[in-house]
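Q: Let me give you the structure first, and then I'll get to my questions.
Nothing in this text is a laboratory measurement; each read-out follows from the coordinates by a stated rule. All values derive from a computational prediction rather than experimental measurement. For neighbour counting, all protein chains shown are included, and Cβ atoms are generated from backbone atoms with ideal geometry for every residue, glycine included.
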């Protein structure tokens, strides 16, 4: 057996292993009953129809999308210039920043939420704003390391020095050269961070609970009713996330292609 064929078999088995749970979840979501037999006892779309007509489900979904998008946007606006400043002008602080950004990984969500509630309980800060800040801290390692790795691939220091010698200001270099150059890294970090926040449950449940019902809390309540309904929620969530990620990648790809065409016409 050739090495090429062996690699294809291993990749195929890995693909089946990763895809099988999603397929079984999808089948279970349309099954009328599936607890005593090997195959489902009848198929139905009743659970999907119930979700699509439930305004509470759509409100929870919009809340989750909104708070996750706000936290990711805040993180991009803060971590991108911060990563650039460290990589280009203060590389000696890089190891300290890397250690600082790894702190959220070391703190369980329960401890983080309890500490935030104790620290800001009497500060008059809305819980939604506090949740957005907690989400910002949670995805900080993903954003910082992803953006910093993309900048390393560009050799930021040399690019910055060359642009400044040609007369460009630091702000111009950052906006016109650095940001377009690291756009793929920002995109990957954004997708990872958004998907992480979309599935986060511990912090949102402890901080806001039912006062700001997100899709995670809605799913937890659905699990107590029926597994078929919760499976339908998971499948809709996966479909929407896939469409969102595909759309974002497609838009970024078209933008990059248009920029290449523009540069080609200029040449």
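Q: Output yes when any residue across segment 4-26 is more than 30 Å from residue 126 (Cβ to Cβ) and assigned to a loop (DSSP other than H, G, I, E, B), and no when none is.
A: No.
Q: While we're looking at this one, here's another question. Could you list, in sequence order, the residues of segment 183-200 that are over 18 Å from residue 242 (Cβ atoms) and touching a residue at least 40 places away in the same chain (Cβ under 8 Å)?
A: Within segment 183-200, 183, 184, 186, 189, 200 qualify.
Q: Suppose the filter is without any contact (Cβ under 8 Å) to a residue 24 or more places away in the chain and either under 30 Å from residue 160 (Cα atoms) or in contact with a strand residue (DSSP E or B) (Cβ under 7 Å, 6 or more places away or on another chain) (or both); does residue 118 pass it?
A: Answer is no for this residue.
Q: Check off (1) over 25 Å from the mean Cα position of the chain (by Cα); (2) not in a helix (DSSP H, G or I) for residue 161 and give me the number that stays unchecked.
A: (2)
Q: Looking at segment 207-219 only, could you name the residues that are surrounded by 18 or more Cβ atoms within 10 Å (Cβ to Cβ) and touching a residue at least 40 places away in the same chain (Cβ under 8 Å)?
A: Hits for segment 207-219 are 207, 208, 213, 214, 215, 216, 217, 218.
Q: If you check residue 58 against the conditions, is it surrounded by 12 or more Cβ atoms within 10 Å (Cβ to Cβ) and not in a helix (DSSP H, G or I)?
A: no
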